[in-house]
Amino acid sequence: MSSIRFEQVSHAFGARSVLRDVNLHLTEQRIGIVGANGSGKSTLVRLINGLVTPQSGTVTVDGQTVGRHARDVRRKIGFIFTNPDNQIVMPTVREDVAFTLRRRGLDKGQIDERTTAALAQFGLSEHADHPAHRLSGGQKQLLALAAVLVAEPATIVADEPTTLLDARNVRRISELLQTLPQQVIVVTHHLHLVEEFDRVIVIEEGEVVADGTPERSLAAYRALLA
Amino acid sequence: MIGLYSPGSSFIHRAPTLLKLFLLSLCVLLIGTSPDLRLIGGAVAGVVLLFVIARVPVRAAAGQIIPILFILLIAVPIQGLLSGWLVAALMAGRLLVAVALAALFTMTTTVTAVLEAFQTLLRPFRRFVDPDRVGLLVALTIRCIPLVSDIVREVLEARTARGTQWSLMSIAVPVVVRSLYAADALGEALIARGLDD
C-alpha cells in the first residue's frame, strides 16, 4: 500500500485552471474519486504517476516526489486508462501482458510463468494467442488490468475504467477492483462502484468539496447534482 | 503479422526465429534465381509438406495464399504471351513458393519472437541504433495498423450515419485528429507502463 500525498497542488491547462490548492493524503486501500466531467479528477490521478506535472505544489508517493523519482513511482503505481484500446501495445494478448515485464530484468521463463498466471487470473487464457484488438470491450479492459497487475504494483489507479463497458462488464470489473489486494484508486461516474470503498473524494471545479466515507461523500455529490 | 499467428507446438513453431528467417531468405533466393522448373515443383511440394507439419489451419493458410492466385490469374497469361509459357510458369511458381513460405513464417512465429530476432541482429550496431527502441518501434507500427483502421471505419460510419456527401476532407480531418489523440493516449500508456526508463 502506498502513501500518496498532495500538498498545495494546483494545475492549469492554458488559461483554464483544473486543480486549485489540493491537499490530500491517500493511505486507504480503496479510494473513489467522483466529480462532473472537467472537474479535474482525471488530472488529479494523472499527477500520481507523473503523467501530468503540477504547476505548483508537490505530489509524493511513499515520500518520493513524483517528478524526481518518476521511474520508481511508476513501478509502484499501475495505471488503467478509460479506453483499453489505447493501452494495448503488442499484437496478441499474451505478448501484451508479457510486454510489461520485458524491462524488469526477468528471464524468459519467469516472464512466461507470470504472464500465464495473470492470464488465468483474468480468464484470458483461452485468448492468449488471439489478436488483442479483436477482443470485446470488457475483455480488453481485463487485458489492460492483467497487463498492469502482472508487474505487481502496490497501487492501481484506474481512470474511469468502466465508462466504455456494458452493464455486465461494469459489474465484472467492479467486482475485480473490490477484491484486489492492492491499494485501488478509482475515478468513476458509476457511483455504485465506490459505494463499498473506504473513502470517496468529490472534486468540483478543481477543488475537493467532499472527502470521507462513501455515504457522506456520495450524499454530498448527489446534492451537488440536484 | 497482425493476428496471423497460429499457435502450435510443431518443430517449425519451436525453431529459432533467426534460423527460420535465414532459411526463408535462402529459399527465396534459391528459388528466385533457379531456372529449373523441376526444382520449383519440388519446392511447392516441400512447402505443402511444411504446412502439413506445422498443422496451421487450412482456412488461415488459404487466406494468405489465395490473394496471390488472383494476381497470377492476370500475370501468368500476360507473361506467357509476352515471354513464353516456361517463363510464366517459373514466375508463378517462384511467387507462390515465396508467398507461402513467408505466410508459414508469420503463422508460426510470434511478433515478440520476430522483435527479439531483430534486436539480436541489431546488437552489433548498438553504437548507432538502440535495438530495444527499434523493436518497440516495429511493435507499435504493427499495433497501430488495426488501431488506425478502426478509426477510419468509425469515421466512415459516422459520415454515412450523418448522410454527408463524399469528400476527402470530411474523412481525412477526423481521421488525422483522432489518430493524433490515439497516439497521445498510447504515449501516455507507454509512460505509465514504464517505457520512459
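For segment A:134-203, the Kirkwood estimate of hydrodynamic radius, built from reciprocal distances between every pair of different alpha carbons, is 12.5 Å. Mean separation of Cα pairs under 8 Å and 6 or more residues apart, divided by the residue count, gives chain B a relative contact order of 25 percent. For segment A:106-161, taking the reciprocal of the average inverse distance between every pair of different Cα atoms yields a Kirkwood hydrodynamic radius of 12.0 Å. From the Kirkwood radius over Cα pairs of segment B:123-192, Stokes-Einstein at 10 °C and 1.306 mPa s returns a whole-number translational diffusion coefficient of 111 µm²/s. With contacts taken as Cα pairs under 8 Å and at least 6 residues apart, segment A:89-161 reaches a relative contact order of 42 percent. With the alpha-carbon atoms of the protein assembly as shown aligned to their principal axes, the span from lowest to highest coordinate is 84, 55, 43 Å, starting with the largest. Over chain A, dividing the summed -39,500 (n - 2.57) contributions of all DSSP H runs of at least 4 residues by the number of residues returns a 222 nm mean residue ellipticity of -10000 deg cm²/dmol. Given R₀ = 41 Å, FRET efficiency for B:A60-B:R159 by Cβ-Cβ distance, to 0.05? Approximately 0.80, to the nearest 0.05. Near A:F197: Cβ cut-off under 9 Å, other residues only, Lys/Arg at +1 and Asp/Glu at -1. The net charge is -2. Going 7 Å from the Cα of B:A15 in the Cα-to-Cβ direction, what parts of segment B:26-43 have a backbone nitrogen less than 13 Å from that spot? Counting only backbone N, you get B:26-28. Of all complete DSSP H helices in chain B, those with a Cα span along the helix axis of 18 Å or greater and a mean Kyte-Doolittle hydropathy of 0.0 or more are B:17-33, B:37-54, B:58-83, B:85-108, B:131-162, B:168-192.
Within a 10 angstrom radius of each residue's Cβ in A:81-87, how many Cβ atoms of other chains show up on average? Whole number is fine. Per residue, the number of nearby Cβ atoms from other chains is 5 on average. Radius of gyration (Cα atoms) of segment B:11-109, expressed as a multiple of 2.2 N^0.38 Å: 1.11. Of all segments of chain A bounded by trypsin sites (Lys or Arg not before Pro) found in a DSSP loop with no more than 15 other C-beta atoms within 10 Å, the longest spans A:105-226.
Classification of chain B by its C-alpha gyration tensor yields an oblate form. The axis ratio a/c (a ≥ b ≥ c) is 1.5 or more, and b/c is at least a/b. Across chain B, the longest piece that holds none of the chymotrypsin sites (Phe, Trp or Tyr not before Pro) lying in DSSP loops with up to 12 other C-beta atoms within 10 Å covers B:1-127. Determine the sum of side-chain charges near A:R46: Lys and Arg each +1, Asp and Glu each -1, restricted to other residues whose C-beta is under 9 angstrom from that of A:R46. Net local charge, A:R46 excluded: -2. With N the number of residues in chain A, Rg(Cα) / (2.2 N^0.38 Å) evaluates to 1.01. Classified by the C-alpha gyration tensor, segment A:66-141 has an oblate form. Its axis ratio a/c, with a ≥ b ≥ c, is 1.5 or above, and a/b does not exceed b/c. With K and R counted +1 and D and E -1, the other residues having a Cβ less than 12 Å from that of A:D62 yield a net charge of +2. Compared with the rule-of-thumb size 2.2 N^0.38 Å for a compact globular protein, segment A:1-95 has a Cα radius of gyration ratio of 1.16. Per-residue ellipticity at 222 nm from helix content only, as computed over chain B with -39500 (n - 2.57) for each DSSP H run of at least four residues, stands at -27500 deg cm²/dmol.
For the pair segment A:161-226 / segment B:1-50, the C-alpha centres are spaced 55 Å from each other. Loop only per DSSP, at most 15 neighbouring Cβ atoms within 10 Å: give me the GluC sites (Glu not before Pro) in segment A:118-195, ordered by residue number. For GluC sites (Glu not before Pro) across segment A:118-195 that sit outside H, G, I, E and B with at most 15 neighbouring Cβ atoms in 10 Å, the list reads A:E195.
Just so you know, all these numbers are worked out from the coordinates, no wet-lab data involved. What you see is a predicted model, and the numbers here were worked out from it, not measured in a lab. Glycine gets a Cβ as well: all are built from the backbone with ideal geometry, and neighbour counts include every protein chain shown.
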